[in-house]
Every structure is written in structure tokens, then in C-alpha cells.
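The values are calculated or read from the model by the stated rules, or taken from the named source; none is laboratory data. Predicted model, so just to flag it, every value in this text is computed and none were measured. Cβ coordinates were reconstructed from backbone atoms using ideal geometry, including for glycine residues, and neighbour counts include every protein chain displayed. We work out accessible area using only protein heavy atoms, side chains counted, and drop any ligands, DNA or RNA first. Shrake-Rupley method; radii C 1.70, N 1.55, O 1.52, S 1.80 Å.
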Amino acid sequence: MVNIGNIALPDFPLLLAPMEDVSDPPFRAVCKDNGADLMYTEFISSEGLIRDAIKSRRKLDIFDYERPIGIQIFGGDEESLAMAAKIVDVTQPDLLDINFGCPVKKVALKGAGAGVLKDIDLMVRLTDAVVRSTSLPVTVKTRLGWDDSMLNIEEVAERLQDVGIKALAIHGRTRCQMYKGEADWTLIGKVKNNPRIHIPVFGNGDIDSPQKALEYQNRYGVDGIMIGRAAIGYPWIFREIKHFVQTGALLPPPTVEERVNVVRKHLQKSVEWKGPIVGINEMRRHYANYLKGLPNIKEYRSKLVRLTEESAIREVLDEIIEKYSGIEMEAAPIELINYHEKCPIN
Ligand SMILES: Cc1cc2nc3c(=O)[nH]c(=O)nc-3n(C[C@H](O)[C@H](O)[C@H](O)COP(=O)(O)O)c2cc1C
């Protein structure tokens, strides 16, 4: 068992990474169904929460079936972060996560997100301010450091543990790397194996297969793994990793029925949570991912992205099941997109 404060997670938990414009409630619902043990909201600006900005407020929506769930906030100012922590408290998630990893300019260059990696004293003060303002377990997600000359994650881990964080998730890249190159888990392993560190350490970066998840667990000894991009369009990654870790065998890829059922559920949750217009509109970016690898799917896909009525979309989904039922499919390789300044699925 892995404990984050009072939250008990199974051995070697799999976490769904917080992802702006991706890990909203509809997406989280299908990841939960497929085995994500702990999930996070998209990051929420502390300033936005305080100003009561609608976009920020809305990201606080969490549902009981999602538990355990963390709300993630970011900010570069002690007072704002502390106040945001109090607002988060009221919504009663299971934990509060601070983002010290976001590399995008509008965040990092204002001294929030990964910007804080240049000033560890500030990072410690910000974290301390949050810990003191909430009764929730506080966790942190961050990167290895600002750049290759400032790989300070080992110091960061010790000092943040000392001010009371209950778990640390580390993305094995620096801020300056953005998403380039390969994630380097060596330092993540060092943090985990530092005898001073007793909180759970979760590794993050480039996990895209059951084999890699198990290999990295064995090599670096992390308490669990956080998965981001590989889950986009492929929430089955969680159950596939679990099965492989438990049995040593690979699950067959999802059937057409399973794929379409995930689309149905994602659509239903999108419409429920966003309303029919936005829900149907924003669902369009997901069809290609979920249906990837089906031969000659293009015709159906283009119908799905043009239709505006939920009932008509559901009819096309039924047609897909009818047409492809029983067809054996190869697992389409998971591609990890190289995200830079802007999320391309926006
Ligand atoms: C579209 C997108 C949005 C992201 N938004 C957030 C965010 O809101 N908060 C955060 O801590 N990290 C965010 N990340 C970073 C991911 O949580 C994760 O650290 C990163 O993608 C590396 O993991 P992966 O290789 O499994 O994708 C985002 C990543 C992507 C691709």
C-alpha cells in the first residue's frame, strides 16, 4: 500500500497526470473506469480562483466517483496561493497539489509553475504557505530543475518534505527541455532512494507501454507512476499496465466495442458537464484518437466531427460497432506528442 497522508492507494499506483484542456471530468471518467488510481484536475491559477474567474472555478468541479482526486493549483505569490488553498479546501478534494513544473511562458516566466525552480527558497516558502492554509494533504508536482546547470530536485525534495508535503511527483525533464528529448529518470531514482526521503515519490515522463512501466519501476524503485500523454485517446493504458505488472502477460488491445463504449461514455459526460453545444464540439478532438487503427474509419470519423446532435452521433457509433464487430485489431502504437508552448489538441 502507498499512503499519501490519510489516502491509501494500492501498491504501485498509477496516476493520471494533470493536463490542461485534457484532464477534465469527462476524460477523467474514462480513465477512472480503466484503472487510474489517483487523478488530478487540470492546473488552476491561484489568481484566477481569487478573482472568481469562471474558467478557474469550473475546474474545481469534482465528483465522488472520481475519488481519490487532487486539485492542482499554481501561482508565484505566497498570499495568493494560501488564499487559493483555502478556496480549494471548501470543495473537499482528497488532496491539494501544487504545480511547480509548468514550463509554458505565460506561467513560468511570471515566476509560477516551473519558474519557481530558479528560486528554491521561494518554492519552499510558497509550499509552506499552502501547507499552513489547508488541512488537506499537500503534494507537489515538479521537474528536475530549471535547466541542465540547475538540477536541484534532490535538494527540492528534502526541503519540501521538511515543510510537510505528503508526496512528490517528478517529471524527468528540466523546464528548458519543455518536452524535448527523453525524460531522464536517473535523478527521480536518486530522490526515491535517498534514505532521508520517506514520502511517496512518483515518476513521470514518457511512459507509454506496460513493459516500460514495469522496467522503470524495477530500475528506479518509484512508488508509482504518473501517466499523461499516453492516456490521451488510450485510457486502457492503465488496465494494461496493471495486468502486466500483476501477471507478466499483455492484455489484448481493446475491442471495437470497448473503444466505442469509451467514446459513448466520454460523450455522455461531456454533454452532461459542458452542455450539448460545447460538449459535442469539444468531443470532436477525441474521435480520431479513440478509433485509431480501425481500417477505413475515415468516413465515419468525418461524420462524427460534423454532426451536431448527440442522437445522430450515437447512431454513427452504433454503425461502427456493426461494421467492425469481431474484427481483430492490432494495437496502434501510442505516440507521445512533443508539446511545446501550446497544447495542439486545443
Ligand atoms: C496537454 C498537456 C497539458 C498539461 N497540463 C499540465 C497541468 O495542467 N499541470 C501539470 O502539472 N502538468 C501538465 N502537463 C504535464 C503532464 O502532467 C506530464 O508531466 C507530462 O506530460 C509528462 O508526462 P507524459 O510523458 O506521461 O505525458 C501537461 C501536459 C500536456 C501534454
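Note: relative contact order over region 256-324, using C-alpha pairs below 8 Å and six or more positions apart, is 35 percent.
Region 72-113: which trypsin sites (Lys or Arg not before Pro) are DSSP loop and have at most 15 other beta-carbon atoms within 10 angstrom? In loop regions of region 72-113 (DSSP not H, G, I, E or B), the sparsely surrounded trypsin sites (Lys or Arg not before Pro) are 110. The accessible surface of region 161-264, taken with every protein chain in place and a 1.4 Å probe, is 50 percent carbon and sulfur. In terms of packing, defined here as the mean over residues of other Cβ atoms within 10 angstrom, the peptides 154-166, 267-279, 126-138, 315-327 line up highest first as 126-138, 154-166, 267-279, 315-327. Counting every pair of alpha carbons in region 256-324, the share spaced more than 17 Å apart comes to 32 percent. Calculated mean residue ellipticity, 222 nm, the chain: -13000 deg cm²/dmol, from DSSP H runs (n ≥ 4) at -39500 (n - 2.57) each, averaged per residue and rounded to 500. Normalised by the number of residues in region 158-211, the mean separation of alpha-carbon contacts (under 8 Å, six or more apart) gives a relative contact order of 47 percent. With a cap of 11 neighbouring Cβ atoms within 10 Å, and only residues DSSP puts in a loop, list the trypsin sites (Lys or Arg not before Pro) found in region 189-227. When the trypsin sites (Lys or Arg not before Pro) of region 189-227 are filtered for loop state and at most 11 Cβ neighbours within 10 Å, 196 remain.
Where q = 0.06, 0.07 Å⁻¹, what log10 of I(q)/I(0) comes from the Debye formula for the chain, counting one point per Cα? Values, matching the q order: -0.21, -0.29. Evaluated at q = 0.16, 0.17, 0.21, 0.27 Å⁻¹, the base-10 log of the normalised Debye intensity for region 1-63, with identical point scatterers placed on the Cα atoms, takes the values -0.60, -0.66, -0.88, -1.10.
Regarding region 1-144, what is the average projected area of its C-alpha convex hull, in nm²? Don't skip to the answer; put the middle values down first.
On the way: hull surface 32.9 nm².
The directionally averaged projection comes out at 8.2 nm².
What does the accessible area per residue of region 2-247 come to in Å², with a 1.4 Å probe and no ligands, DNA or RNA counted?
I get 36 Å² per residue for region 2-247.
What region 256-324 shows is 50 Å² of accessible area per residue, with the surface traced by a 1.4 Å probe over protein heavy atoms. Here the contact order of the chain, divided by its residue count and restricted to Cα pairs under 8 Å and six or more residues apart, works out to 15 percent.
Which pairs break 20 Å Cα to Cα here: 274/298; 141/190; 86/106? Those over the limit are 274/298; 86/106. Taking the average, over residues, of other Cβ atoms within 10 Å as the packing measure, peptides 257-266, 4-13 rank 257-266, 4-13 from highest down. Extension gain for the segment residue 132 to residue 318, taken as residue separation times 0.36 nm less the Cα-Cα distance, is 61.7 nm to one decimal. Full extension of the chain between residue 257 and residue 336 yields a length gain of 26.0 nm, computed as 0.36 nm times the residue separation minus the alpha carbon distance. Taking the alpha carbon gyration tensor of region 171-328, multiplying each eigenvalue by 5 and rooting it gives semi-axes of 37, 19, 13 Å, largest first.
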